[in-house]
Amino acid sequence: AWKKFTPKGFTTPEEFEKECVRHIETTLARSLYNCDEFATYAGTALAFRDRLVLDWNKTQQNQTFADQKRVYYLSLEFLMGRALDNAMLNVGMKDVAAKGLSELGFRMEDIVSQEHDAALGNGGLGRLAACFLDSLASLNYPAWGYGLRYRYGIFKQEIVDGYQVEVPDYWLDFNPWEFARHDITVDIQFYGHVSKYQDDNGTSISVWEGGEIVQAVAYDVPVPGYQTENTNNLRLWASKAASGEFDFQKFNSGEYESSVADQQRAETISAVLYPNDNLERGKELRLKQQYFWCAASLYDIVRRFKKTKRSWKDFPTQVAIQLNDTHPTLAIPELQRILVDQEGLDWEEAWSIVSKTFGYTNHTVLPEALEKWSVPLFQHLLPRHLQIIYDINLNFLHYVERTFPKDRDMLSRVSIIEESNPKMIRMAFLALIGSHKVNGVAELHSDLIKTTIFKDFVKVFGPDKFTNVTNGITPRRWLHQANPRLSELIASKLGGHEFLKDLTLLHKLENYVDDKEFRKEFQEIKYANKVRLAKHIKEANGVSVNPSALFDVQVKRIHEYKRQQLNIFGVIHRYLAIKAMSPEERKKLVPRVSIFGGKAAPGYWMAKTVIHLINQVGKVVNNDKDVGDALKVIFLEDYNVSKAEIITPASDISEHISTAGTEASGTSNMKFCLNGGLIIGTCDGANIEITREIGENNIFLFGNLAEDVEDLRHSHLYGTYTLDSSLQAVFDAISDGMFGDASHFSALVNGIVEHGDYYLVSDDFASYCKTQDLIDEAYKNQEEWWTKCITTVARMGFFSSDRCIDEYAEMIWNVEPLPPKQEQ
Ligand code: 26Q
């Protein structure tokens with residue numbers, strides 16, 4: 001008999017080296033002679049990939065045979081960042097590999113940084129999807145992610161003369177983490193028309209005919225869990241010309257160019273990630289992306305379900321599909337179409353299955369971010385889906401009419417179709433009507449959607465359809481990987497790394513708040529992280545910053561509602577104050593480094609102006625001899641996940657200062673706190689729950705409340721209003737040309753002074769500056785400061801994405817974990 005083969009990967013540095021070198025010499029066909037850092041990265045990645053693949057295959061087999069409910073997370077964005085470091089830590093072999101690498105003459109840090117970020121996302125929404133995959137895998141949930149394999153991820157940002165310049169992010173040159181499945185393809189139809197036929201029983205059936213076909217090809221990415229064999233799958237679809245469509249006639253008759261052009265047109269669908277964050281732009285290509293990806297994913301899910309030979313009514317007990325915002329809403333009419341047109345179910349039966357299968361997560365209440373598509377565009381691209389949406393709407397409106405016969409206006413308010421010119425499809429309404437649960441991403445936000453955009457729907461469906469799942473972050477990447485020394489320090493006090501699987505265990509750290517030794521080490525770690533960031537700033541910006549200064553960080557997408565303008569106006573205010581001081585007074589100041597980072601959507605002119613102003617202020621302040629260390633202003637180029645891993649552990653204060661009621665949750669606020677930084681923030685999004693967990697004494701809150709925003713906006717437009725005098729002084733400095741040509745910034749200033757100050761910068765400015773002064777005072781009292789930091793870390797347990805995923809599993813998906821099979 002054959003002995004059972006149990007794959008065992010390397011366990012010693014020598015074994016690792018052997019594997020790494022084998023891959024360099026054979027898989028990559030390179031000689032060890034000219035083995036540079038990149039080749040070594042590739043060898044290392046392939047050595048770890050081998051281990052993942054075995055677990056991955058086993059997991060998928062296990063999931064197939066287990067025959068239990070699975071979760072599908074549909075997201076147009078997965079902002080994964082780098083994979084190698086994460087894989088090494090999950091397997092628990094990073095130290096072994098580091099030793100092996102050093103024997104080969106390399107430093108782990110240099111090797112890890114060779115990897116290109118997988119930047120298939122804009123910001124919070126995409127990174128949330130990545131954290132969720134990590135938690136789903138680590139908690140052994142049978143779950144798949146479905147997304148698009150963009151050839152170009154989010155653009156790379158360069159700063160040239162203070163302006164943002166976008167550079168394409170071609171990231172697929174060498175990607176060891178994906179597996180092309182050329183045998184798993186789906187033909188996707190576009191355009192064409194709908195014909196009606198009678199079947200043998202005389203019932204009419206609709207058939208979508210004509211148009212063009214594009215092929216979807218699956219690319220699979222393994223998603224390893226932390227210290228479990230469980231390795232889930234992320235399936236990304238790439239577009240390709242369908243074989244029948246590639247015109248060989250043309251090809252042979254010398255029209256080579258136009259036949260290649262057809263091919264390229266098909267590949268355009270998955271070519272590029274739309275770089276808008278919280279702003280919807282109704283472009284046809286975006287709608288094509290959405291349908292392409294939804295249709296391919298659903299075909300795949302349905303195919304898998306059909307293999308179980310179960311009856312259709314079991315579909316919602318076997319399949320849970322979560323919609324990450326409205327971007328995958330087309331999955332709803334698509335499943336209805338499959339069930340009715342292709343599988344022959346009657347409408348009611350099909351709709352009951354559809355509406356039990358989907359859950360919808362809302363991430364915004366900003367009106368400019370709510371997705372709408374024009375009916376004529378839809379008619380052209382997806383004629384059958386438009387009919388289905390009209391039928392869904394009709395049934396829904398009948399129901400509303402019966403339930404609320406007296407409220408005639410209700411019908412037009414809740415209709416999926418907006419009666420504008422052209423008519424528009426409101427995707428959020430379709431997502432809500434087609435799902436069994438709708439959730440917001442923080443308590444305030446989940447309350448707000450019930451009283452604003454979905455108010456009428458609470459009446460129609462009742463409040464129980466709506467729920468909250470406060471966002472979370474994975475402690476594996478955002479503590480263990482980004483801040484290994486802090487992770488080790490915590491482990492040394494808590495007796496191991498269990499807290500990385502159950503973050504609530506952090507509360508035990510409160511026992512060490514007054515422990516002298518612990519406090520000292522905690523401070524040393526923060527300092528070392530700041531030294532590392534200072535080194536990066538020196539290399540990237542050429543500016544020397546003092547690591548003992550207070551590091552004040554705001555890194556996130558640039559958006560008016562996030563109010564980087566409030567921050568930079570505050571910086572100018574500080575600069576003016578410093579200029580007015582005597583040298584003796586300046587010496588008493590807490591030195592500060594204001595660090596900004598983030599991308600502006602390429603067409604978002606105001607956001608680009610903010611970037612320009614920050615850089616202009618930096619140029620003046622950083623070269624002003626009067627100021628010295630008292631203030632430095634840094635804009636870090638190309639903020640992304642791997643930069644966040646350096647920046648997050650190095651902050652003393654981070655800024656989460658959106659106009660109250662505009663930021664759905666925010667997740668970087670959680671990352672900074674978990675890494676022992678304090679935050680200055682408004683009463684918005686998850687800041688409110690962070691305050692509740694860590695205590696009001698440990699956070700610097702300021703500004704107006706969400707409930708007052710409407711009145712404040714009104715009084716700007718119709719009341720009398722005098723601008724705060726210190727903000728006026730800031731505007732005067734800008735107008736005087738202190739930061740270069742003032743005309744560059746006039747729109748930014750006028751938006752506040754003349755055009756209603758929609759984001760209430762002037763209303764919050766005084767309270768913001770006052771709170772910044774409080775921070776300076778608090779920092780002077782170092783003992784108290786570190787108490788706040790340590791207490792904050794100890795109380796962050798709630799914000800693990802593991803907690804979040806367990807809540808989704810219980811309240812929305814009704815799925816159980818599936819632990820990996822023990823080897824016999
Ligand atoms: C829509 C249509 C067309 C083109 C682009 C888009 C689009 C793309 C990305 C619309 C929105 C987004 C991204 C939104 C986003 O990141 N929202 C953030 O989600 C986080 C996770 O829940 C929250 O923490 C943030 O508060 C929220 O802003």
Ratio of Rg to Rh over the stretch 540-780 (Cα coordinates, Kirkwood Rh, two decimals): 0.93
Full-stretch length increase - ASN34, ASP173 - with 0.36 nm per residue and alpha-carbon distance subtracted: 48.1 nm
Translational D in µm²/s for the stretch 429-491 (Stokes-Einstein at 20 °C, 1.002 mPa s, Kirkwood Rh from C-alpha pairs): 154 µm²/s
For the stretch 705-772, projected area of the alpha-carbon convex hull averaged over all directions, nm²: 5.0 nm²
Value of [θ]222 nm, deg cm²/dmol, for the chain, DSSP H segments ≥ 4, -39500 (n - 2.57) each, nearest 500: -13500 deg cm²/dmol
The stretch 147-188: Cα Rg divided by the 2.2 N^0.38 Å rule of thumb: 1.69
Entries in LYS240/LYS356; LYS99/LYS538; LYS283/LYS643; LYS535/LYS556 that, when Cα-Cα distance is taken, lie over 24 Å: LYS240/LYS356; LYS99/LYS538; LYS283/LYS643
18 Å tail of the calculated P(r), the stretch 118-215, as % of Cα pairs: 72 percent
Surface/4 estimate of mean projected area, convex hull on alpha-carbon atoms of the chain, nm²: 40.9 nm²
Cα centroid separation - the stretch 341-394 against the stretch 42-108, whole Å: 36 Å
For the stretch 210-335, projected area of the alpha-carbon convex hull averaged over all directions, nm²: 11.6 nm²
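Fewest Cβ neighbours within 10 Å first, please rank ILE389, ILE646 accordingly.
Sorted ascending by nearby Cβ count, the order is ILE646, ILE389.
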Cβ-based net charge around SER412, under 13 Å, with every Lys or Arg adding one and every Asp or Glu removing one: -2
Environment charge of ALA66, counting only residues whose C-beta is closer than 11 Å and scoring Lys/Arg +1, Asp/Glu -1: +1
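List the DSSP H helices in the chain whose Cα atoms stretch 20 Å or more along the helix axis and whose mean Kyte-Doolittle hydropathy is at least 0.0.
Span-like helices here: 124-138, 564-579, 605-622.
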Global geometry of the stretch 3-147, whether rounded, prolate or oblate, following the gyration tensor of its Cα atoms and the 1.5 cut on a/c: oblate
Scattering curve values for the stretch 630-709, log₁₀ I(q)/I(0), Debye with Cα scatterers, q = 0.17 Å⁻¹: -0.71
Selection from PHE745, GLN157, LEU505 lying farthest towards where the dipole of the chain points positive, charges on Cβ: LEU505
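Under 10 °C and 1.306 mPa s, how fast does the stretch 325-421 diffuse according to Stokes-Einstein, given a Kirkwood radius computed over C-alpha pairs? Answer in µm²/s, whole number.
Numbers: Rh = 14.9 Å.
Answer, rounded: 106 µm²/s.
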Order of SER311, SER415, SER548 under a 10 Å beta carbon neighbour criterion, fewest first: SER311, SER548, SER415
14 Å beta-carbon shell around HIS755, net charge (K/R +1, D/E -1): -2
FRET efficiency estimate (nearest 0.05) - Cβ-Cβ, GLU343 to HIS380, R0 25 angstrom: 0.40
Positive-end residue of ASN439, LEU236, PHE731, charge dipole of the chain with Cβ unit charges: LEU236
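Could you list THR771, THR659, THR357 in order of exposure, starting from the residue whose Cβ has the fewest other Cβ atoms within 10 Å?
Lowest count first: THR771, THR357, THR659.
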Cα centroid separation - the stretch 731-797 against the stretch 509-571, whole Å: 16 Å
Gap separating the Cα centres of the stretch 678-723 and the stretch 124-197, nearest whole Å: 35 Å
Percent breakdown of C-alpha pair distances by 10 Å bin, ordered from the shortest bin, for the stretch 445-548: 12, 27, 21, 19, 16, 6
Where labels lie 7 Å past Cα in the beta-carbon direction, separation of ALA580 and ASN421 in nm: 5.5 nm
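Coordinate-derived values only; no laboratory data. Since the structure is predicted, the reported quantities are computational estimates derived from the model, not experimental observations. Methodologically, a virtual Cβ is constructed for each residue, glycine included, from the backbone with ideal geometry; neighbour enumeration extends over all protein chains shown.
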